[in-house]
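*Asks:* Please find one structure pasted underneath; my questions will follow.
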Amino acid sequence: MPLFYQQNINEHTRLAIWEIREAEPFFTEAVTVQRTISHPHKRLQHLAGRYLLSYLFPDFPSWLIRIADTRKPFLEGQPYQFSISHSENYAAALVSKTCQVGVDIELASPKIALIRRKFLSDGDAAALGLDASDTTMNELDLTIAWSAKEAVYKWWGLGEVDFKKDIRFDTRISNGQTGYLDCTFNKPAPQPLKVYYHLFSSLVLAWVMEP
Ligand SMILES: CC(C)(COP(=O)(O)OP(=O)(O)OC[C@H]1O[C@@H](n2cnc3c(N)ncnc32)[C@H](O)[C@@H]1OP(=O)(O)O)[C@@H](O)C(=O)NCCC(=O)NCCS
């Protein structure tokens, strides 16, 4: 059973990563695909994300999940808020009974450097301790930054976020493989947000949990 990582953040909030090694029937015994996904690996990722929700909280009613116009999945009239992400053979889920949550998982790749100007301001780079004029920025640092902004986007859930203008990094506290970014999120008015991250070699996990 390839549970890759689990963190029970507190009594009400749980986070996990699943390494997908099973074939589809393993997941479809427990959960169903809620929309047409023709690509087999994308379907497997989707199933693994749904599977993790009820792995974390066995009474999680995954069959009641609805999809908003923004494509954010949600539950109505239920005690759970949740967020899902996948990358390659990994799926991550964050579930909470008390907080609004967002999670993102990404395998670092050199391709991230190609889009860095689209999501990272010079101020963000400075907050991360990076030299903004350096075109060879470390792909792991860039992936942390990207993943952190994706987690904020999912936490917000209402779409229409300009990654450069609406999410600003203020400081980064790094403790080896883990750390957090203090951010300012500008929608609808500036508010502080903490984005936590955890590195597993080149796999980056980032999450937000705020009321
Ligand atoms: C929605 C988005 C965050 C998904 O990210 P991704 O890296 O493609 O995929 P991930 O595997 O991390 O996440 C997919 C999951 O996110 C969730 N999701 C989709 N849309 C969402 C939304 N609007 N809010 C919250 N969660 C959402 C779903 O659970 C989905 O998985 P599922 O369909 O299996 O349930 C991404 O496509 C996106 O739109 N990002 C913002 C784009 C943007 O504005 N970029 C500008 C910066 S340059």
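*Asks:* Under a plain spin-label model, where a point goes 7 Å from the Cα along Cα-to-Cβ, how far apart in nm are ALA113 and THR171?
*Replies:* In this crude label model, ALA113 to THR171 measures out at 3.1 nm.
*Asks:* If you don't mind, another one. Ranked highest first by average number of other Cβ atoms within 10 Å, how do 99-105, 112-118, 133-139 line up?
*Replies:* Working: 99-105: 24.0, 112-118: 14.1, 133-139: 11.7.
The peptides rank, most packed first, as 99-105, 112-118, 133-139.
*Asks:* Further question: Using only alpha carbons, build the gyration tensor for the chain and give me the equivalent ellipsoid semi-axes, biggest first, whole Å. Before the final figure, lay out each step's value.
*Replies:* Values: eigenvalues 162, 73, 50 Å².
Square roots of five times the eigenvalues give 28, 19, 16 Å.
*Asks:* To continue, here is another question. Using a 7 Å offset from the Cα along the Cα-to-Cβ direction at both ASN8 and GLU76, what is the distance between the two label points in nm, to one decimal?
*Replies:* Label-label distance for ASN8 and GLU76, simple model: 3.3 nm.
*Asks:* A follow-up question, please. For GLU210 and ALA30 in one chain, what is 0.36 nm times their gap in residues minus the Cα-Cα distance, to one decimal in nm? Walk me through the numbers on the way to the answer.
*Replies:* Numbers: separation 180, 0.36 × 180 = 64.80 nm, distance 2.94 nm.
Result for the pair: 61.9 nm of gain on full extension.
*Asks:* How large is the helix-only mean residue ellipticity at 222 nm for the chain, computed as the sum of -39500 (n - 2.57) over DSSP H runs with n ≥ 4, divided by its residue count, in deg cm²/dmol to the nearest 500? Present the calculation step by step, with values, prior to reporting the outcome.
*Replies:* Working: 5 runs with 50 residues, N = 211.
Value at 222 nm, helices only: -7000 deg cm²/dmol.
*Asks:* Taking the radius of gyration and the Kirkwood hydrodynamic radius from Cα positions alone, what is the Rg/Rh ratio for region 3-98, to two decimal places?
*Replies:* Details: Rg = 12.6 Å, Rh = 13.5 Å.
Rg divided by Rh gives 0.94.
*Asks:* If you don't mind, another one. Can you give the local net charge around LEU47? Use residues other than it whose beta-carbon is closer than 11 angstrom to its beta-carbon, Lys and Arg +1, Asp and Glu -1. Please list the in-between numbers first.
*Replies:* On the way: positive: LYS42, ARG43, ARG50; negative: GLU22, GLU24, GLU29.
It works out to a net charge of 0.
*Asks:* As I understand it, the dipole of the chain uses +1 on the Cβ of Lys and Arg and -1 on the Cβ of Asp and Glu, about the Cα centre. Which of SER96, ALA30, PHE119 lies farthest toward its positive end?
*Replies:* Working it through, the farthest residue towards the positive pole turns out to be ALA30.
*Asks:* What FRET efficiency would be calculated for the residue pair SER38, LYS164, taking the C-beta separation as r and a Förster radius of 22 Å, to the nearest 0.05? Before the final figure, lay out each step's value.
*Replies:* Values: r = 34 Å, r/R0 = 1.53.
With a Förster radius of 22 Å, E is 0.05.
*Asks:* Same structure again: If every alpha-carbon in region 106-152 counts as one equal scatterer, what log10 I(q)/I(0) does Debye give at q = 0.24, 0.28 1/Å?
*Replies:* For region 106-152 at q = 0.24, 0.28 Å⁻¹, log10 I(q)/I(0) is -0.83, -1.15.
*Asks:* Could you list the square roots of 5 times each eigenvalue of the Cα gyration tensor of region 104-210, that is, the equivalent ellipsoid semi-axes, sorted largest first and rounded to whole Å?
*Replies:* On the way: eigenvalues 74, 48, 35 Å².
Computed over region 104-210, the values are 19, 16, 13 Å.
Quick note: the coordinates plus some simple rules give every number you see, no bench work behind them. Note that the structure is predicted; figures quoted are calculated from it, not measured. In this analysis, Cβ positions are derived from the backbone assuming ideal geometry, glycine residues included, and neighbour counts consider all displayed protein chains.
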